[in-house]
Amino acid sequence: MKLGTKLTLYLSIIIILILSGYGYFHILSRRDILMRKMKVEVRSISQTLRVSLEKISIPREMEFVQELIDAVEEEEKILGIIVYYRPKGIIFKSRSLEGEMEPYVELIQKTMEDDLPKGEFRVYKKIPVFSYSFPLKDRKGRNIGGVSILQNASFVEMEIRKAERDIFLIIFILLCGTVIFILLGMKKWISRPIAQLVETTKELARGNLNVHIEWKRRDELSELGQAFNQMAMELREAQEKIIQEADRRLELERTLRHSEKLATVGQLASGLAHEIGTPLNIITGRIELTKRKIKDEEVQKNLEIVAQQTDRITKIIKQLLGYVRKKKALETRLNINELLETTLSFIDYQILRQNVKVIKDLPRDLPPIDGDRDQLQQVFLNLFINALQAMPRGGTLRLSASLKQISKEGSEGNRRFYVEIDVEDSGIGMEREVLENIFNPFFTTKDSGSGLGLMVTQGIVQDHEGWIEVASEVGKGSQFKIYLPAYEEEE
């Protein structure tokens, strides 16, 4: 059972008890008032009868006694009147009274003996009555008789039942109104805020630390909401610190792994250059000497193949040495459009041979960049060649450049202007696993590839304080985005 329901039930029970107690005591008070009112009326009637009956001479004026009884009996609440005279025991009674009157005569006689009026509740023919008896005196103060007035008391019970119905109706209306008011108040001030707090807490437990409670109120729940907001903010700050620390550790591990790779590749490249370089030179020399001496066409063809493969081994070693022993970039101010056009012209023949359509979007108002022309040409040449190799049956090569003000990859602030160069092909694309490893050394999907081209490309771009983003989908092509800092004049 919810807290709001419990509080509503608890308050409703208290209100029911209070209203029931009020109704009970109100009915008792009402009964007491009605009884007093009835007794006052009976006493008033008895005073009138006493004055009249004590002036009547018995037995000469006996007919006046009956007329007086009949006249007083017209009062609707009076059930009957009994008049008793002694010593002859003459009894007068209302015409409506039937049956034995002895009990009431005895009550009159007792009243005469005690010389005091008396009242008591009796039942006459299943009708509750209030019997009020008082003595009659002559002019000398002697008791000559008495009177008993039977007042119908059933109207009191009727009034009480009516009062009970009224009280019950009032209590019911008050109870319903109070319960509705309490329900609405509980829902607005307790149930709804607690439900919101529970839901927000569940969101926080699911990992959503951006939750916030907005309560414009001044009570304990508002203080609880503020404490919750403070807790969520502290958790969010703690999470951000943990993420930043994890990013720093990952970057440190990445740098460490990269350094280990560099060290491994450096040792390998140095060893290869030393151990393989001399034999390769000897092999190259012997090939040239053999080609001069032997003119057989088949032998010449095989020697050419050996020479090509030897040159390939030499290039791989040079690439390794170039990656490990990076020469210092010779920075000059470069026009990026001119650099791209020049690099693209290197592969004009291959573009035409593969039936590749080149679409260029190179705005003339791009700012220059600072960098090493040869190294950046190597970057774009690698990307262009990879794009052509991905489209062996032709396709579209899109080359575009634009200026963007963004933050460097992996940082929140320090926004500056970068030139974005997009190289997009409509080739075969790459699977996710290939996409995740293309910048790793010696990783290649080509039969004749060394797996060092993109690694060297990334290294050159990073040396120029830029970065590379790659997107690819199998069957739809690949897109490489290179970001290089634009030249900005100092104020």
query = Is it true that some residue in region 173-181 is touching a Pro at 6+ places or on another chain (Cβ under 9 Å), surrounded by 15 or more Cβ atoms within 10 Å (Cβ to Cβ) and either in the same structural domain as Val42 (by TED's automatic domain parsing) or at pLDDT 75 or above (or both)?
reply = no
task = Go through Leu150, Leu224, Leu136, Leu197 for me and flag whichever is in contact with a Ser or Thr (Cβ under 7 Å, 6 or more places away or on another chain) and not polar (S, T, N, Q).
result = Leu150
request  = May I ask you to say which residue of Ile18, Ile45, Ile14, Ile56 is surrounded by 15 or more Cβ atoms within 10 Å (Cβ to Cβ), of a type in the set (A, V, I, L, M) and modelled with pLDDT of 80 or more?
outcome  = Ile45
task = Output the residues belonging to region 378-402 that are surrounded by fewer than 16 Cβ atoms within 10 Å (Cβ to Cβ) and assigned to a helix (DSSP H, G or I).
result = Ile385
key: Pair list, Cβ under 7 Å, 6 or more apart: region 224-241 residue touching a residue at least 40 places away in the same chain (Cβ under 8 Å) and surrounded by 13 or more Cβ atoms within 10 Å (Cβ to Cβ), other residue polar (S, T, N, Q) and assigned to a helix (DSSP H, G or I)   = none
task = State whether one or more residues within region 405-412 are out of contact with any Pro (no Cβ under 7 Å at 6 or more places or on another chain), buried (at least 16 other Cβ atoms within 10 Å of the Cβ) and either modelled with pLDDT of 90 or more or under 30 Å from Ile317 (Cα atoms) (or both).
result = no
task = Restrict the check to region 319-342 and report whether at least one residue is at pLDDT below 85, crowded, with 17+ Cβ neighbours inside 10 Å and over 58 Å from the mean Cα position of the chain (by Cα).
result = no
remark   = Residues of region 403-436 being assigned to a strand (DSSP E or B) and farther than 25 Å from Gln350 by Cβ, in sequence order, are Leu403, Lys404, Gln405, Ile406, Arg416, Phe417, Tyr418, Val419, Glu420
ask   = Somewhere in region 131-146, is a residue crowded, with 16+ Cβ neighbours inside 10 Å, at pLDDT 80 or above and closer than 23 Å to Glu159 by Cα?
value = yes
query = Of the conditions (1) modelled with pLDDT under 80; (2) exposed (fewer than 12 other Cβ atoms within 10 Å of the Cβ), Leu289 fails just one. Which one is it?
reply = (1)
query = Taking interchain pairs and intrachain pairs at least six residues apart, which have beta carbon atoms under 7 angstrom, with the first residue in region 284-300 and charged (D, E, K, R) and the second surrounded by 10 or more Cβ atoms within 10 Å (Cβ to Cβ) and at pLDDT 80 or above?
reply = Lys291/Gln300; Lys291/Leu303
query = Of all residues in region 28-42, how many are farther than 30 Å from Leu68 by Cα and crowded, with 16+ Cβ neighbours inside 10 Å?
reply = 1
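The values are calculated or read from the model by the stated rules, or taken from the named source; none is laboratory data. These figures come from a predicted structure and were not determined experimentally. Cβ atoms come from the backbone with ideal geometry, glycine included; neighbour counts cover every protein chain shown.
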